[in-house]
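The values are calculated or read from the model by the stated rules, or taken from the named source; none is laboratory data. Predicted model only: the values in this text are computed from it and were never measured. Here the Cβ is made from the backbone with ideal geometry for all residues, glycine too, and neighbour counts use every protein chain on show.
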Amino acid sequence: MIRRPTKLELMAQVVIAALTVLLISDVLDAMQGSPCSLPGSQSDCYPWGSEGPVAGRWRYDSKAAYIGTGLASIVILIAAGLTPLTVSRARVSLPLMAMGLAVSIYVSSFF
C-alpha cells in the first residue's frame, strides 16, 4: 500500500530529486566528453586515467568506470527517493533515505 509522505519526507525527496537531475546531467555530459589527455582537447574534457587532482581514483580510471559509477549512484538515489512510498512509517523511511543518499555520495565521490 502506498502512503502519503510527510512534509519532511517531501523535502528530502526534493533534495534527492535535484541531486538525481544533476547527476543525470553529469553522466550525459560524460558520455559525450573526451579525455583531457588528447592534444587540442576542449575545456569540457574529462580527466580519464591518472591526471590532475583525481589521479589514482578508480572512478576516473576510465570513461566506462565513471559512467558506471554515475549510473549506480542514480539508481541508488531513485531508490532512496521512492522509499517513503514503500515503507509504512516515516521513522523508518527517513533513515533509509539518508542512508541511500550517503551511499550514493560515497559511490559518486570516493569510490
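Residues in region 41-83 that are among the hydroxyl-bearing types (Ser, Thr, Tyr), surrounded by 12 or more Cβ atoms within 10 Å (Cβ to Cβ) and modelled with pLDDT under 80: Ser41, Tyr46, Ser50, Tyr60, Ser62. Of all residue pairs spaced 6 or more apart or on separate chains, those with beta-carbon atoms under 7 Å, a first member in region 65-88 that is closer than 18 Å to Met11 by Cβ and a second member that is at pLDDT 95 or above and surrounded by fewer than 15 Cβ atoms within 10 Å (Cβ to Cβ) are Gly81/Ala17.
When restricted to residues that are surrounded by 14 or more Cβ atoms within 10 Å (Cβ to Cβ) and not in a loop (DSSP other than H, G, I, E, B), region 16-40 contains 9. Of the residues making up region 71-100, those that are within 16 Å of Ala18 (Cα to Cα) and either out of contact with any Leu (no Cβ under 7 Å at 6 or more places or on another chain) or small (Gly, Ala, Ser) (or both) are Leu71, Ser73, Val75, Ile76, Ile78, Ala79, Ala80, Gly81, Leu82, Met97, Ala98, Gly100.
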